[in-house]
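The values are calculated or read from the model by the stated rules, or taken from the named source; none is laboratory data. Just so it is clear, the model here is predicted, and its values are computed rather than measured. Don't worry about glycine lacking a Cβ; one is built from the backbone with ideal geometry, like all the others, and counts go over all protein chains shown. For the accessible areas, the whole protein counts, side chains as well, though only heavy atoms, and no ligand, DNA or RNA atoms are used. Shrake-Rupley method; radii C 1.70, N 1.55, O 1.52, S 1.80 Å.
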Amino acid sequence: MRSDLGLGLLPSFRLVVLTGAGISQESGIPTFRDAGGLWERFDMRQVATPEGFQKDPSLVWRFHSEMRRYAQKCAPNAGHIALADLERDLGDEDRFTLITQNVDDLHRRAGSRRLLEVHGNVFRTRCTDSTCPKSTAFRDEALYEEAPRCPLCGSLMRPDVVWFGEYLDPIIETKARRAVMNCDIFMAVGTSGAVWPAAGYVEIARAAGARTVIVNLDPPENLRAFDEFHQGKASQILPLLLKR
Ligand code: NAD
Ligand code: ZN
C-alpha cells in the first residue's frame, strides 16, 4: 500500500471524498451489513420509507430518536478527524469536498465544514408540508413516542433524512455531482457501492479523468471502477493516505 496520496506534490489538485457507513463503524455505529445493532431490530421498510412513515409515523420517530441517541454517544474516530484536518490544512474552498451518505453527524462533530450530506442528518427535522419553511436543528435525546407537529402549520414533522425510494435534495445532489465532475482525485471510504446515486459517482469522476481510490474493509460492488483499492479499516488507512 502506498502510504500517501502524493497530495503534497500537487499544489492545485482537487479532492472529493465520498464516505459511507463504514467510516463510522469504528465509532460504534453499525453498518447495514454488520450483524446486530439497530438495523436488525427494525424493519427498514417500516422505518425508512415514505410508505412506512405514512402508515406509522410514531414508529418511524422512535427509530430515528434511537439512532440520534445512539449516535450522540459515539465519537468521531481517526478517519473522520484525518478528513477534517486535511480540509483545515488546504484552506481553499475549491480543493476539497466531502460527500457523505451518513446521517450520524460525526463528520461535522470532527470539524468538517465543506460537507454535503446527501442523505440528510438525523439531528435535523423538517415539516412534511413541502411548502412550509419549518426546518430545525434537533438535538433532543428524548425517545419520541408520538410524531411531533410543526409549530407553524400543524403538519407532522419528519426527520430530515432521505429514505429508501426518495430522491436526494436536488441542490445538494447538483453540488455533489459538480464536485465529482471537476475533481482530480476521487476517494470513496467505507461504502459498499450498492446505494445509488452515490455508487455511480466514481464512474462520473473516472469519465472526467480523475484518479479513483477506495478505502474499504471488503471489496465494494463497484470495485472495477477504482484504480486503487486500499483494503482495511478507515481509521488506520486514512491518516496515512491523507498525510501531507
Ligand atoms: P453499507 O453498510 O452498505 O456498507 C458499508 C461498507 O463499509 C462495507 O462495504 C464494509 O466493507 C465497509 N466497512 C465496514 N467497516 C469498515 C471500516 N472500519 N473501515 C472501512 N470500511 C469499512 O454502507 P453504505 O454504502 O454507506 O450504504 C448504507 C446506507 O445506509 C447509506 O445510504 C447510509 O446513509 C445509511 N447508513 C448510515 C449509517 C450512518 O449514518 N453511520 C449507518 C448505516 C447505514
Ligand atoms: Zn409546517
(request) Would you please give the residues with an amide H less than 5 Å from that of Leu116, counting only those at least 5 places away or on a separate chain, with H modeled from the backbone geometry? (result) Leu98, Ile99, Thr100
(request) Please give the peptides 67-73, 77-83, 211-217 ranked by average Cβ packing (other Cβ atoms within 10 Å per residue), highest first, as a rough proxy for protection. (result) 77-83, 211-217, 67-73
(request) Starting at the first residue of the range 190-206, write each ³J(HN,Hα) from the Karplus equation 6.51 cos²θ - 1.76 cosθ + 1.60 with θ = phi - 60°, in whole Hz, x for Gly and Pro. (result) x, 9, 7, x, 10, 9, 9, x, 4, 4, x, 4, 4, 5, 5, 4, 5
(request) Take the chain, connect every pair of alpha-carbon atoms lying under 10 Å apart with a spring to form a Gaussian network, then pick out the residue of Ser130, Ser112, Ser24 with the largest mean-square fluctuation. (result) Ser130
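Whenever you get a sec, compute what percent of the accessible area on the chain sits on carbon and sulfur atoms (1.4 Å probe). Spell out each step's value before the answer.
On the way: 6020 of 11890 Å².
It is 51 percent, rounded to a whole number.
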(request) Give, as a single signed number, the net charge of other residues whose beta carbon lies under 10 Å from the beta carbon of Ala179, with Lys and Arg counted +1 and Asp and Glu -1. (result) +4
(message) Given points 7 Å out from each Cα along the Cα-Cβ axis, report the Glu146 to Lys243 separation in nanometres with one decimal.
(response) 5.7 nm
(request) At q = 0.09, 0.10, 0.12 Å⁻¹, work out log10 I(q)/I(0) for the chain with the Debye formula, treating every Cα as an identical point scatterer and leaving solvent out; two decimals please. (result) -0.39, -0.48, -0.68
(request) Hey, can you find the accessible area per residue of the chain for me, probe 1.4 Å, expressed in square angstrom? (result) 49 Å²
(message) Quick check: pseudo-label points 7 Å beyond the Cα along Cα→Cβ at Thr174 and Arg41, how many nm apart are they?
(response) 4.1 nm
